[in-house]
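> I have a structure I would like to understand better, so I am pasting it below and will then ask my questions one at a time.
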Amino acid sequence: MNWKLAAGAALDRTTIAKAVPGLALFRDCSPPRLRIELLAALTLWAVVVPQALAYGELARLPSIAGLYTALAGMLLYGLFGSSRYLNVGPESSVAIVVAASVGPLAGGDPERTIALTSMLAILTGGLLLLGALLRLGVVTRLLSTPILVAYLAGSAVIIVASQVPKVFGISAAGDDWWEKIWEVLRNLSATNMWSLGIGLATIVLVVALRRLAPRIPAFLVAMALATVVVAVADLADEHAVAVVGNIQRGVPLPSWPAVGLDDTISLLGPAVSVALLVFASSAAVGSGLAARDREDLQPTREFVGLAVANVGAGLLQGFSANASDTRSFIVAGGAGRTQRVNVLCALIVVITLIALTPLFRNLPIAALAGVVLVSAVKLIDVAQFRRLWDVRKTDFALSVITFLGVLIVGVLGGIAVGVVVSLLEVMRRAIFPHTAVLGLVENTPTYRDIERYEDAAIAPGLLVYRFDAPLFFANADLFRSEIRELVRTARHPVRQIVVSAEGITDMDVTGAEALERLLDDLNDAGVRFVMARVRTSLRTTLRRLGLEEKIGHENFYLRVVDATAGFTAQTGRQAGSPMEDRTNG
């Protein structure tokens, strides 16, 4: 009986440990180690607090909502996630998406804005949990690097536009970014010079501290000084400098937002977009940090950790939580290097909410805007845009289209534009794949594209052709017509064609029919058809369709050079000089 009880207890502990792996964080943690990680948590707290307050404002919520989001994100992801470093909480790009999604539905009602934003976070968590159940990590592949780079850059412009009025102390109406900028330009005479000075001083101080003293928490120091200046000089009353004001103390009890069914349905579309962004960006940051230590993330566990964090943020009247690369790097580069740092920081945030919120009463909105502006500028990765231009012009064009889409139709619409254009580009590459005529590189047994290799020569009567795509209904006619045209325009009558098939990973019935028609055309013209580097899966498909026998078992080769050796041996012809035989007629 005792043995059964012990076994049952062990089983329960194992089940709990698998469900909530973070519970093991404080097991066997020595006091010296705990002191080290507590110091790392305080360092992280110095960054979390100012960013959380600023991003709460960015999401068009009371600034304290950012701390609620930070508390839920760090605590719950720390217990359920798989990354040792990832810091989950308020994040600028998601905050701007939340503001853009909820603003039109809320109609300017603060209470309704909080309820809708909380429901959006809960729906985001529910979709992430569904992603875990259905193992949908592959969906994030729709967000390619060009799309993410452009999305962040476009978001940065929108974020900057949303904060500029706060720095100038001007009330700017309108939801679109250009309307806010226009309002500022139109009402420059109404600029609150004290707010402008505080905002600019915050930006300068943060940038200077980051460059000259990177170990000092620049955001916290700048906001603390701005708060002291406003309080001592009584700028809120004397010069109408906007401040955060009184903040309710304590941690809100978890509660379900009062949102009707119609509004919930209206939030489903934005929730899908936010969930996709949260998982894609979090996985990117987490994978990069894990790769540094030769570790791997667990996609299902990541879905669960992010889902629980978002649901928790919604229940605490916060907004959708996402991974922060800056804060994650702080955890990864510190002495702690485990989720204990995030959990400890969450506990310090609890203390902040209970005892320290009066310190934020005189925090100027312009200083928060300055913090957001500094963070937003970092989202514009000029080096990545330059890299896209250097590596692949079509990827650069995709980024520009997505960037313009974000600015013209909004963040969610811009992302949709980017995804659609990406899929169209994939279709274009499949319908019009890269093809090449290959020639033998001088003094080697290697065949290469004659357009890229000046010393690649073509043997008279021999055509070596490469098709870099699956052969299916959308490009089958191109395959047949291009080979026929090459045969027709060849300088010397073609007697053998070798198709280098390493790029033909698949073939459908339409592709097979086009190949069969090509075989008939070539047979009538007395041209031998040979295939090299044929994948096993393609060979199986050819066999099932009866084409392997029609091509001839003897006409399949492992290497292109083997396929051409027979031709040169039979005809006695050798590859001509590059200048002599590079072009067709």
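Read the figures in this text as sums done on the coordinates, not as results from a lab. Everything quoted here is computed from the prediction, not taken from an experiment. All Cβ positions, glycine included, derive from the backbone under ideal geometry; neighbour counts span all protein chains shown.
> Suppose we keep just the DSSP beta bridges with both residues in the chain; what percent of those would be antiparallel, to 5? Mind showing how you got there, number by number?
Numbers: 12 of 25 bridges.
Counting only bridges with both partners in the chain, antiparallel ones make up about 50 percent.
> Would you give the gap between the C-alpha center of region 546-569 and the C-alpha center of region 471-495, rounded to a whole Å?
Here the two parts' Cα centres lie 18 Å apart.
> How would you classify region 178-274 from its alpha-carbon gyration tensor, with a ≥ b ≥ c the square roots of the eigenvalues: rounded for a/c under 1.5, else prolate if a/b is greater than b/c, otherwise oblate?
Numbers: a/c = 1.78, a/b = 1.53, b/c = 1.16.
Here region 178-274 falls in the prolate category.
> Another question, then. For the charge dipole of the chain, defined by +1 on Lys and Arg C-beta atoms and -1 on Asp and Glu C-beta atoms about the Cα centroid, which residue among L220, Q339, A514 has the Cα displaced farthest towards the positive pole?
Toward the positive end, the furthest listed residue is Q339.
> If you stretched the chain out fully between V409 and N187, how much longer would it get, using 0.36 nm times the residue separation minus the C-alpha to C-alpha distance? Walk me through the numbers before you get to the answer.
On the way: separation 222, 0.36 × 222 = 79.92 nm, distance 2.55 nm.
Going from the current span to full extension adds 77.4 nm.
> Of C345, C29, how do they rank once you tally other Cβ atoms within 10 Å and put the fewest first?
On the way: C345 33, C29 13.
If I rank by nearby Cβ atoms, fewest first, I get C29, C345.
> So if each residue of separation counts as 0.36 nm, and I subtract the Cα-Cα distance between A284 and R361, what length gain in nm does that give?
24.1 nm
> Next up: What is the distance, in nm, between label points placed 7 Å from the Cα along the Cα-to-Cβ direction at K393 and at D468?
Here the modelled spin labels are 1.5 nm apart.
> So if R0 is 25 Å, what FRET efficiency would T510 and R488 give, r being the distance between their Cβ atoms, rounded to the nearest 0.05?
Values: r = 23 Å, r/R0 = 0.93.
Efficiency computed from Cβ-Cβ geometry: 0.60.
> Taking the Cα centre of the chain as the origin and placing charges on Cβ (Lys, Arg +1; Asp, Glu -1), which of A290, L205, A72 is farthest toward the positive end of the dipole?
Value computed over the given set: A290.
> Aspartates and glutamates near K180 by alpha-carbon distance under 17 Å, same-chain residues fewer than 8 away left out - which ones?
Result set, ordered by chain and number: E57.
> Further question on the same structure: If you average the alpha carbon positions of region 432-453 and of region 132-207, how far apart do those two centres end up, in angstrom?
Spelled out, the Cα-based centre of one part sits 50 Å from the other.
> Sorting S481, S144 on the 10 Å Cβ count, fewest up front, what's the list?
Details: S481 12, S144 20.
The fewest-first ordering by Cβ neighbours comes to S481, S144.
> Using a Förster distance of 60 angstrom, determine the FRET efficiency expected from the C-beta separation of A240 and I431, and round it to 0.05.
Numbers: r = 61 Å, r/R0 = 1.02.
Computed FRET efficiency for A240 and I431 comes out at 0.45.
> Roughly what would the spin-label model give for Q248 and R135, points 7 Å off Cα along C-beta, in nm?
Going by the 7 Å Cα→Cβ label model, 4.4 nm.
> So what is the calculated 222 nm ellipticity per residue for the chain, using -39500 (n - 2.57) for each DSSP H run with n of 4 or more, over all residues, to the nearest 500 deg cm²/dmol?
Numbers: 25 runs with 368 residues, N = 585.
Per the formula, -20500 deg cm²/dmol.
> A further question on this structure: Out of all DSSP beta bridges with both ends in region 434-581, state the antiparallel percent to the nearest 5. Let's see the in-between values first.
Numbers: 9 of 22 bridges.
Counting DSSP beta bridges with both partners in region 434-581, the antiparallel share is about 40 percent.
> For F329 and R301, compute 0.36 nm times the residue count separating them, minus their Cα-Cα distance, and round to one decimal in nm. Mind dumping the intermediate values first?
Values: separation 28, 0.36 × 28 = 10.08 nm, distance 2.05 nm.
Here the segment from F329 to R301 would lengthen by 8.0 nm.
> Just grab the label-to-label distance for L558 and R210, each label 7 Å out from Cα along the Cβ direction, in nm (one decimal).
Taking the two extended label points, one gets 5.6 nm.
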